[in-house]
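Visitor: Here it is: the structure, laid out below.
The values are calculated or read from the model by the stated rules, or taken from the named source; none is laboratory data. Note that the structure is a prediction, hence the values are computed from the model and not measured. As a convention, Cβ positions derive from the backbone with ideal geometry for all residues, glycine included, and neighbour counts pool all protein chains shown. Side chains included, ligands, DNA and RNA excluded: accessible areas come from the protein's heavy atoms. Shrake-Rupley method; radii C 1.70, N 1.55, O 1.52, S 1.80 Å.
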Amino acid sequence: RVFLGKTGLNIYTFFVCLYIYCTLWAYTSVFSSALARTIPIFSDESANYIVYSVLFTIIVVPLSCLELDEQVVVQVALTICRFLMLALMIITADTCAKESSIKDEKEDVLLFRPEGIHKMIPVIVFAHIYHHSIPGLSHPVRDKRKLKHIFQATCFFTTVAYTVVGLVLGSAFGLQGIEQSSNLNWQNYHGGTATYDEYGNPMYDTASWWAKAVSYYIVLFPAADVVSAFPLNAITLGNNL
């Protein structure tokens, strides 16, 4: 209001709320779609989607009614899980790519491809767009003098993390071998522990328990991770409204 006036404030609030509404919708879709395909309950995928949407609602609505300092345990636990998933993807990427039947040829992998910039920019923007939540995120911090360093460290880590994951997975899977959602490349991961049939195809049911655990964790965790992101955005939406 100080810089834009009342009209500018209303326009800003409208677009922020529209953005957050779409984000919350996307989180619900990610959770429901991933679980409906990976852990189906019924033969009808639409029915599975509805069931998991209801389950997601039951989980996130109570969390969204809590203040941020009341859900610190959930947020910290899921943050640790994010670090674990990041480490697992980087460590097992090469093995997972070798097990993939759609792995691209190494000579087709470029270190820099200008025609892909239009796909990269939206990802970069979405990964770093949290300015609308800064007031709410700042509230639980006791020493507000540390906020500058906290947000600087956040931007630095997300930049490094996205860069490392992009380089490692891009070089491992190639241009055509990488899925739209890269974690889905681990859907048939067996870590070299599966036995093969007479046609040379791996039998994933025979894979070691730890390989199955890694596969399920990487494939399913992004869906579960939105459980922590939804309340943050919902609280911001409520504060703006």
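Visitor: Loop sites only, by DSSP: take the trypsin sites (Lys or Arg not before Pro) in the chain that have at most 12 other C-beta atoms within 10 Å and name the longest stretch containing none of them.
Guide: 2-141
Visitor: OK, next. With θ set to phi - 60° and the Karplus curve 6.51 cos²θ - 1.76 cosθ + 1.60, what are the ³J(HN,Hα) couplings of region 70-77 in order, to the nearest whole Hz, using x for Gly and Pro?
Guide: After applying 6.51 cos²θ - 1.76 cosθ + 1.60, I find 8, 10, 4, 4, 5, 5, 5, 4 Hz.
Visitor: Say the cut-off is 30 Å between C-alpha atoms; which of K6/K144; K6/K119; K119/K146 go over it?
Guide: K6/K119; K119/K146
Visitor: Between N188, N201, N48, find the one with the highest GNM mean-square fluctuation for the chain; connect C-alpha pairs within less than 10 Å.
Guide: Highest fluctuation of the listed residues: N201.
Visitor: So if R0 is 35 Å, what FRET efficiency would K119 and R145 give, r being the distance between their Cβ atoms, rounded to the nearest 0.05?
Guide: The value I calculate is 0.35.
Visitor: Between F42 and V72, what length comes free when the chain is fully extended (0.36 nm per residue of separation minus the Cα-Cα distance, one decimal in nm)?
Guide: 7.3 nm
Visitor: Another question, then. So, R0 is 45 Å and r is the distance between the beta-carbons of W209 and I11; what FRET efficiency does that work out to, to 0.05?
Guide: Computed FRET efficiency for W209 and I11 comes out at 0.25.
Visitor: Moving on to the next point. What is the percent carbon and sulfur in the accessible area of the chain, measuring with a 1.4 Å probe over the protein chains and ignoring ligands?
Guide: Of the solvent-accessible surface of the chain, carbon and sulfur hold 67 percent.
Visitor: May I ask you to list the lysines whose Cα is less than 17 Å away from that of K98, ignoring any residue fewer than eight positions away on the same chain?
Guide: Straight-line reach from K98, under 17 Å: K106, K212.
Visitor: While we're on this one: Determine the calculated [θ] at 222 nm for the chain from helices alone, applying -39500 (n - 2.57) to every DSSP H run no shorter than 4 residues and normalising by the residue count; nearest 500 deg cm²/dmol.
Guide: Here the helix-only value at 222 nm equals -23500 deg cm²/dmol.
Visitor: For region 109-241, count the residues as N, evaluate 2.2 N^0.38 Å, and divide the Cα radius of gyration by that value, please.
Guide: 1.40
Visitor: So with the 1.4 Å probe, I'd like the accessible area per residue for region 119-201, rounded to whole Å².
Guide: 67 Å²
Visitor: State which stretch of the chain is the longest one without any exposed GluC sites (Glu not before Pro), exposure meaning a DSSP loop state and at most 13 other Cβ atoms within 10 Å.
Guide: Counting at most 13 other Cβ atoms within 10 Å as exposed, the longest clean stretch of the chain is 106-197.
Visitor: Binning every alpha carbon pair distance of the chain at 10 Å from zero, what are the percents per bin?
Guide: It works out to 6, 24, 33, 24, 10, 3, 1, 0, in whole percents.
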